[in-house]
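The values are calculated or read from the model by the stated rules, or taken from the named source; none is laboratory data. Note that the structure is a prediction, hence the values are computed from the model and not measured. Here the Cβ is made from the backbone with ideal geometry for all residues, glycine too, and neighbour counts use every protein chain on show. All accessible areas refer to the heavy atoms of the entire protein, side chains included, with ligands and DNA or RNA removed. Shrake-Rupley method; radii C 1.70, N 1.55, O 1.52, S 1.80 Å.
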Amino acid sequence: MKEQDLKELGETILKETRADITPNQLIKAVMKSNPQATKKEIVRAAFYAVIAHAGNEPEKAGIVQDFAITQRANENE
């Protein structure tokens with residue numbers, strides 16, 4: 001996946017993120033906007049978004065970080 005693709009997915013993730021969204025809802029919302037994206041790519045883009053935007057939107061970055069870590073842990077089970 002190219003850096004530009006990660007950036008676009010990351011922007012979508014940040015746009016869709018809110019305090020009451022569940023991980024599955026977030027994945028579905030991102031896939032709706034980016035149907036070619038896989039769950040694994042969405043998780044990678046979430047880490048990218050946290051790194052790129054942590055200082056600008058710390059509340060959203062925290063939510064996205066929790067999502068990314070949880071989903072990454074689920075992949076390894």
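Points worth noting:
- Of the trypsin sites (Lys or Arg not before Pro) in segment 1-57, the ones in a loop by DSSP (not H, G, I, E or B) with at most 13 other beta carbons within 10 Å are 2, 18.
- Summarised as an ellipsoid, the chain has semi-axes of 16, 14, 13 Å, derived from the eigenvalues of the Cα gyration tensor scaled by 5 and square-rooted, with the largest first.
- Accessible surface ranking for 21, 69, 1.4 angstrom probe, highest first: 69, 21.
- At an R0 of 22 angstrom, the distance between the Cβ atoms of residue 3 and residue 69 translates into a FRET efficiency of 0.55.
- Stretching the chain fully between residue 59 and residue 31 yields a gain of 7.8 nm (0.36 nm per residue, less the alpha carbon separation).
- The 1.4 Å probe gives accessible areas that order 57, 3, largest first, as 3, 57.
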